[in-house]
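Trainee: One structure, as structure tokens, below. Some questions next.
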Amino acid sequence: MITKNIKVAFPLLLSILWASHPHAAIITDAGTTGLDLQGLEWLTFDETLGNSRKKIEAGSGGFFANGFRYATRKETETLINSAWGGVHSGWSSNNYQGANAFITSFGVTFNSTYDVFVGHEGTAFIFGAASECFSNAIYSCLGTVKSALSITTAIDAHNIIEKKTELAFDINIDPVGFIHEYYGADFGYGPWNYEAENNLEHPELASLLVRDPSLVPLPPSFLLFIPGLFGLMGLHYKQSRSVA
């Protein structure tokens with residue numbers, strides 16, 4: 001009878017441990033192609049959407065307790081640069097594939113018809129360690145990656161790299177992507193980045209959280225699992241002694 005109870009209780013303890021551990025949507029190198037995730041685990045935007053940095057750092061969602069932190073500016077730049085498609089740092093057909101891969105992987109934070117863009121969707125997120133984008137610590141770095149299936153009229157796109165305005169795409173032909181040096185990317189043309197206040201809460205704004213998989217803390221429920229396991233081992237030992 002004791003052996004039967006052990007066989008039932010052991011998987012039950014494992015299931016309790018699994019159920020009590022928070023399972024966030026995590027992007028890893030093994031599950032994502034086309035983006036340089038740098039061997040880190042990244043949280044999808046739906047997990048933090050609408051929450052301010054101030055709340056998240058105070059413990060909301062339990063992300064920091066589970067080893068997550070805000071991606072540094074360098075980590076974010078490496079990630080977004082890996083999605084960059086070429087010569088343009090703003091809207092460009094060259095950037096559609098990379099922008100779409102980023103949005104598909106991390107999730108859409110807004111989706112709307114915007115100005116002349118059709119099928120326009122994208123991400124808006126905060127990132128960076130304290131004071132990485134602005135000397136005042138009440139601000140964080142602001143990033144965005146966007147895409148659109150087409151445009152309804154020819155417009156000029158500002159090319160930050162060459163400091164001039166030029167036509168970036170054709171009407172209703174090229175899907176376009178938006179990857180910009182001032183919104184998380186880095187092409188070596190200046191240290192400046194847009195910023196957002198740490199207490200800002202917006203339904204279309206998320207946080208770019210990351211963690212090192214080798215440093216993931218054990219969940220508190222694991223502490224309950226250990227004595228339960230030793231208890232089962234004790235029961236098994238007593239049964240073995242009585243049979244002998």
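Trainee: Only one of P203, P175, P191 is modelled with pLDDT of 95 or more, surrounded by fewer than 20 Cβ atoms within 10 Å (Cβ to Cβ) and not hydroxyl-bearing (S, T, Y). Can you tell me which?
Mentor: Answer to the check: P203.
Trainee: Which of (1) of a type in the set (S, T, Y); (2) within 30 Å of N199 (Cβ to Cβ); (3) assigned to a helix (DSSP H, G or I) does Y96 not meet, given it meets every other one?
Mentor: Of (1) of a type in the set (S, T, Y); (2) within 30 Å of N199 (Cβ to Cβ); (3) assigned to a helix (DSSP H, G or I), only one is false for Y96: (2).
Trainee: Kindly indicate the residue of the stretch 140-152 that is surrounded by 20 or more Cβ atoms within 10 Å (Cβ to Cβ) and of a type in the set (G, A, S) and also farthest from H202 (Cα to Cα) among those meeting that condition.
Mentor: Applying the filter and picking the extreme gives A148.
Trainee: If the Cβ limit is 7 Å and pairs must be 6+ apart or interchain, which residue in the stretch 47-69 that is at positive phi and free of Cβ contacts under 8 Å to residues at least 24 places away in the same chain pairs with which residue that is surrounded by fewer than 17 Cβ atoms within 10 Å (Cβ to Cβ) and in a helix (DSSP H, G or I)?
Mentor: So the pair list comes out as G59/A65.
Results for (1) surrounded by fewer than 21 Cβ atoms within 10 Å (Cβ to Cβ); (2) assigned to a loop (DSSP other than H, G, I, E, B); (3) not aliphatic (A, V, I, L, M), shown as yes or no for each residue.
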position: G34; (1), (2), (3): yes, yes, yes
position: Q38; (1), (2), (3): yes, yes, yes
position: N51; (1), (2), (3): yes, yes, yes
position: K55; (1), (2), (3): yes, no, yes
position: A65; (1), (2), (3): yes, no, no
position: I80; (1), (2), (3): no, no, no
position: W84; (1), (2), (3): no, yes, yes
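Trainee: Let me ask something additional. Filter the stretch 99-139 down to residues that are outside any loop (DSSP other than H, G, I, E, B) and in contact with a Cys (Cβ under 8 Å, 6 or more places away or on another chain) and give me whichever is surrounded by the fewest Cβ atoms within 10 Å (Cβ to Cβ).
Mentor: Filtering first and then ranking leaves Y139.
The values are calculated or read from the model by the stated rules, or taken from the named source; none is laboratory data. Just so you know, these numbers come straight off a predicted model, no measurement behind them. Note: ideal-geometry Cβ built from the backbone for every residue, glycine included; neighbour counts use all protein chains shown.
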